[in-house]
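The values are calculated or read from the model by the stated rules, or taken from the named source; none is laboratory data. It should be emphasised that the depicted structure is a prediction, and the values quoted were computed from it without experimental measurement. Backbone-built Cβ (ideal geometry, glycine too); neighbour counts: all protein chains shown. Areas reflect the complete protein model, heavy atoms only, side chains present, ligands, DNA and RNA absent. Shrake-Rupley method; radii C 1.70, N 1.55, O 1.52, S 1.80 Å.
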Amino acid sequence: MSHTETEIASQPACWSRAAGLSSSGALPAKGERVAVVGCGTSWFVAQAYAALRESAGHGETDAFPASEAPVGRRYDRVLALTRSGTTTEVLDLLRRTRELAGERAGERARTTAVTADPDTPVTALADEVVVLGFADERSVVQTRFATAQLAMLRAHLGEDLTRAVADAERALAEPLPAELVAAKQFTFLGTGWTYGLAREAALKMREASQSWTEAYLAMEYRHGPISIAAPGRITWTFGPAPRGLRGEVEATGATFVESDLDPMAELIKVQRLAVARAHARGLDPDRPAHLTRSVILTESP
């Protein structure tokens, strides 16, 4: 069994443990104006959390890739998500945030980092750190650390994750249809917070199995992207699908996938499928092409 498969299977336990850390005072307080930053998978988790936090009435929340975050914009808190704690763009952003705070006396944004490793540079740059060491991974491909972060953040917003954990167990036990393992192309759809999960699902399939995948907002899918739907291709939605969309997709001959599982548990099914497709193609899901555990640039951007 690959490291990726072992890590995928551990997610229900990781979510329960992460939810227990949700009372940390390092996480954004209700009413704070927050910027959430990350790279790759962490950016997609940031998008999901930002949508959830705003919809729960906890305050204005923006999500940015660390390389594009508007440093001059005023926030009460910057929340940096980084499994490795070494990603160049995240470290540069925290440095610039600290420098700007020195130029603006009395207008300092607090910074919090969520990471898997306490012995990395990010811990010296952030004001506060939340360490999810139990969710760290040996695989390059992120699975359990990404969802453990989101589980903790959802619990911090007051969500009860009991059902999500139970759904995760279901997602691990359900067989993967042969039609999905053999499919030619995947399009993942989401709405609100699940759009971040749809983007992460597409990324997992690309990384682990080199599959042709795309991701869109569910209502935007009709405005062009549906043109690639065809027999042997899959349209997969996270959360309830917009009215009429299933029929429109199935009329093209494509397969439409929809589930009543918690969307985070639905992501586990995609993770499992990505590994299955990797094995079917003779690929090693622990070692995706052209990727490393952390992007560390020799020169800062």
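Descriptive notes on the structure:
- Among residues of segment 53-67, those that are of a type in the set (Gly, Ala, Ser), out of contact with any helix residue (DSSP H, G or I) (no Cβ under 8 Å at 6 or more places or on another chain) and either part of a helix (DSSP H, G or I) or at pLDDT below 95 (or both), counted: 1
- Among the residues of this structure, Leu125 counts as one that is of a type in the set (A, V, I, L, M), in contact with a strand residue (DSSP E or B) (Cβ under 8 Å, 6 or more places away or on another chain), open to solvent by 10 Å² or more (accessible area, probe 1.4 Å) and modelled with pLDDT of 95 or more.
- Of all residues in segment 277-291, those that are at pLDDT below 80 and surrounded by fewer than 16 Cβ atoms within 10 Å (Cβ to Cβ) total 3.
- Filtered by the rule that a residue be hydrophobic (A, V, I, L, M, F, W, C) and part of a loop (DSSP other than H, G, I, E, B), segment 23-52 gives Ala26, Leu27, Ala29, Cys39.
- The set of residues in segment 1-22 being open to solvent by 20 Å² or more (accessible area, probe 1.4 Å) and assigned to a helix (DSSP H, G or I) consists of His3, Glu5, Thr6, Ala9, Ala13, Ser16, Arg17, Ala19.
- Residues being farther than 24 Å from Leu150 by Cβ and in a helix (DSSP H, G or I) - total across segment 265-287: 2
- Selection from segment 23-32 of residues that are in contact with a Ser or Thr (Cβ under 8 Å, 6 or more places away or on another chain) and either surrounded by fewer than 24 Cβ atoms within 10 Å (Cβ to Cβ) or at positive phi (or both): Ala26, Leu27
- Tabulated pairs, segment 239-260, first closer than 26 Å to Arg163 by Cβ, second aliphatic (A, V, I, L, M) and open to solvent by 40 Å² or more (accessible area, probe 1.4 Å), C-beta under 6 angstrom, 6+ apart or interchain: Pro242/Met219
- The lone exception for Ala66 - which of (1) open to solvent by 40 Å² or more (accessible area, probe 1.4 Å); (2) touching an Asp or Glu at 6+ places or on another chain (Cβ under 8 Å) it fails: (1)
- Cβ-Cβ under 8 Å pairs, at least 6 apart or on other chains, segment 270-289 side closer than 15 Å to Thr6 by Cβ, far side in a helix (DSSP H, G or I) and open to solvent by 60 Å² or more (accessible area, probe 1.4 Å): Pro285/His279; Asp286/His3
- Members of segment 69-83 that are within 18 Å of Thr41 (Cα to Cα) and either surrounded by fewer than 22 Cβ atoms within 10 Å (Cβ to Cβ) or β-branched (Val, Ile, Thr) (or both): Val78, Thr82
- Conditions (1) at pLDDT 95 or above; (2) surrounded by fewer than 18 Cβ atoms within 10 Å (Cβ to Cβ); (3) hydroxyl-bearing (Ser, Thr, Tyr): number failed by Thr41: (2)
- Some residue of segment 216-234 being polar (S, T, N, Q) and surrounded by fewer than 23 Cβ atoms within 10 Å (Cβ to Cβ): yes
- Cβ pairs under 6 Å, 6+ apart, first in segment 63-78 and free of Cβ contacts under 8 Å to residues at least 60 places away in the same chain, second in a helix (DSSP H, G or I) and of a type in the set (Ser, Thr, Tyr): Val78/Thr97
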